[in-house]
Each structure stands twice: as C-alpha cells, then as structure tokens.
Amino acid sequence: MSHKRIPKRKAAFAAGTVVALGAAAILLPNANASQDGSSNDAAAVAPKPLKATDASDLASQLQKLLGDAFAGSYYDADSRQLVVNVTAGNTSVVVQAKQAGAKVRVVDNSLTELAAGAKTLKDRATIPGTSWAVDPRTNKILVTADSTVTGAKWNTLESTVKSLGSDMATIKKSAGTFKTFVSGGDAIFGGGARCSLGFNVTAGDGSPAFLTAGHCGVAAEQWSDSETGQPIATVDQATFPGNGDFALVKYDDPATQAPSEVNVGGGQTVAIQQAADAEVGSQVFRMGSTTGLADGQVLALDATVNYPEGTVTGLIQTNVCAEPGDSGGSLFTQDGSAIGLTSGGSGDCTVGGETFFQPVTTALQAVGATLGAGDAAGGAGGDQAGGGEAGAGAGAGDEAGAGQEAGAGGDASASPGDEAGAGQEVGGEQAGGDVIGGQDTGNGQDAGNGQDAGNGQDAGNGTGDAGQSHN
C-alpha cells in the first residue's frame, strides 16, 4: 500500500512572512516557464547572457580547460554573464575563456594560494563560531566570526588573518551565533527534534528515500510526518560533522511515491528537473518548515563552518535567511534545479545573517542516490546535472543527451533539436510517463535547455505539515 503524500502544513509561512511573500512574487509567476532563447552560438566572443545554472555548467568546464590559471568564477545577475577569474600572465587562457562566452577578469591570487591560506586558518584558528570561504568577487578569503568569538579567541583569529595579508583575507563580525537549524515543533520529527525534508531521491538499491541535513540524521534514527505520528522513514546514512552535512533517509514503505517538486505554498509548486552546482552570485530560493519560502544570493562555495558540534567543510554560503526547524530544507533555483540542503548559520529572518547549505550534487554522490523518487515498479527518478544515467521506467528514446558534455564554447547536443546552453553539460533527464504531482507529464515533454521533463521524477516528498513538499 503506497504511503500517502504528507499533508501540507496549514500555515505555510510560520515566520518571515514578508520575506516569504517577496520570494514568492519573484518565483511563482515564472515557475517552470521556459527561459529566454539566448543564442547558443559558441563562436561569439562577447560574453553571453546565461541562466545561472548554465553559467555554473560553463564555469565547471572552464575550470577543467584553464587548469591552474583558473582562479574562481561568479555570476553577474545584472548582466546575466559568467565572470571568470584568471591569474596574471595567462594571455592565451583569457582568449579561450572569452571564446567560451565568459567575461574575464585578471586577479592576483590563484586557487592554490587561496587554499593554502584556508589551510593556515584551519591549522591556527579552528574556533567554534567561525567560518571562512573564498569570495571570487574579491579574490580573497572571507573570514566571519560570530558573537561568541571574543577575547583570546578573537585575538587568535584576527592575528591569523593578518598574517595572511590584507590582499589575501578579510575578517568581519556577525551579530548572531553559528548554529544548526534544528528545533522542536512540526514538519518531520525524530527524537524530539524538528527538521525539514530536502529532496526525494532514489537510493542506490532502488528504494524510495529523501535527503535532509546530516545533523538531523545523527539526532534521530527514525522520522515521522507528524509530531505524534508513527515513523515513516529510517536513516540509512548520515554525515555530520566532517566533510558535509547530509543524510539519506529511506521510506519504510518501499511503495512510497512522492512528487519531485517543492511546494512553495498557496497550492503552488516548482518542479525539480535536475541537481546542479551553485554559482556565486546566482539567485536561489529556500523552503523550510519554520519560515516557508525565502530567497537570496550565493556568496561563496566550499565554505568551512566551525559549529559547536564540530567543523563542517564543503558548504555553500548564502545570505538567505533561515531559522530553527528549517534544517535540511530545499535550496533550489527558479528553473527547477536542486542546489542544497539547509545546514545552519547565524541570525534569523528578521535581522538576516549568514546561512550555509550542503551541496546536493555532493550529497547524491556520497550516498549513491539519484534525484527523484521511483515508482512502485522501480522506476528511477531524475538525473543529476552533468549527466547521470536516466532512471529506469522512463520512455525509451526520450533521453536528453544523458551525460553529454560540450567543450567550452561548444554546443552540447541533447535530444534532436534541443540545444544545450553555451558549453553546458546536459543532465540527461528522460521524459517518462510517470505522474508528477498528480498530473501525467507524457512522453517527450520538453522542459527546455536540452532536458526533457518528467522521467518519473516523482519526488517531492511531501513533508507534511511543513507547508511544502520539500521535494
């Protein structure tokens, strides 16, 4: 017997209502709408207007192409262009990057030098309440200290940053306190804690499961969809602290079905088409069981956060607000790309603050899962961006260029007639005939950008009274 979709929370925006409504106004009118028809002509030398997800794909390819000359990148949302940093004295790679459609900026610090600076911080200043990450817009390491870092701790941190030099690192104080956003209340419940479900996935053995924060996964083994309800899912893997903050939780009923979508309140949903890497400067949306929908920008990648429970590495740093209970919730883009899982940070949705997210692509790879939920017959869900195998149960012959990678500046051929954005990797989503959110997608429905919709990405989860299905 299939597990019923978890009911929607009656009050979708328990806190941060103004923020949530503002985000909804940006997101909902365009949810799942086709994007503009920017030219994919790779021969153009001028920087190309790109969607943020396309810019992320291009940045990944340019990093491989440019090698040691690549010094980071970010997305300029105003001009809709990818800006690529290259180290001085690399004239030839500047030409290559421009030909690929990126705007090029020459900087002083290489990624190797910045990584060495981050290692110095790790060795000398791993202090609870601190974080650091490379900001490609300044080509420096941004170090942040929360309100608990005072006295000798502050002196140690400040002297370490100064030893790196003002051209390598900067430091700032945060008014809040770095913490994980787990709490007691409603949404998904385990061991007296409340978290938010992130994205439904198919585990490596084909069973239905979902991703959430790792600190939620280590807090309790079994999770329910109501505060007094019976457990519906059991933790299979959890990482926290350490190299990430993610958990794979398998549904106890192997016939569980849930749509691959984020319920953003008011009966509106955003279908999740793929998993993608974040790009600094891109706009992102977060859905959580406490504060509902909020939006903001990606500030930095590969962030290190020193929580009271321990150090977590490899996170996405943003200015999107979050509060206790939002842990594990979905971070996604307007065009339906799964980006991250809420980890923690400082502040709240009244005063703001820094918030950190676990990258979805890294979590999927670590736990051996694919985005989306399989149906009772074992159909797999959607693929990760950048080319995974399309799930079983999708219509044969409807594959959108699975795993095909276009060289920098080249066009990636997806299904016939569907061009991928400049130099991007095509995620390979298939058009299945499975039901998404109760509606049949039909075979071959084009989702734009070289990816076919559907595929039976039945994901959403539907966490219940969370006011969102949290995919």
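Quick notes
- Any hit, segment 341-348, residues being at pLDDT below 50 and on the phi > 0 side of the Ramachandran plot: no
- Selection count, segment 54-83, where residues are out of contact with any Gly (no Cβ under 6 Å at 6 or more places or on another chain) and farther than 16 Å from VAL298 by Cβ: 11
- Of the criteria (1) buried (at least 24 other Cβ atoms within 10 Å of the Cβ); (2) at pLDDT below 95, which one THR177 fails: (1)
- Residue satisfying all of: in segment 240-255; surrounded by 18 or more Cβ atoms within 10 Å (Cβ to Cβ) and within 20 Å of SER207 (Cα to Cα); nearest to the chain's Cα centre (by Cα) among these: PHE246
- Residue within segment 248-270 that is among the hydrophobic types (A, V, I, L, M, F, W, C), modelled with pLDDT of 95 or more, under 30 Å from GLY72 (Cα atoms) and not in a loop (DSSP other than H, G, I, E, B) present: no
- Of the residues making up segment 138-188, those that are within 19 Å of GLY117 (Cα to Cα) and of a type in the set (S, T, N, Q) number 10.
- Residue satisfying all of: in segment 273-294; among the small types (Gly, Ala, Ser) and farther than 14 Å from ASN263 by Cβ; surrounded by the fewest Cβ atoms within 10 Å (Cβ to Cβ) among these: GLY281
The values are calculated or read from the model by the stated rules, or taken from the named source; none is laboratory data. Just so it is clear, the structure is predicted and the values come from calculations on it, not from any experiment. Quick reminder, even Gly has a Cβ in these numbers, built from the backbone with ideal geometry, and neighbours come from all protein chains shown.
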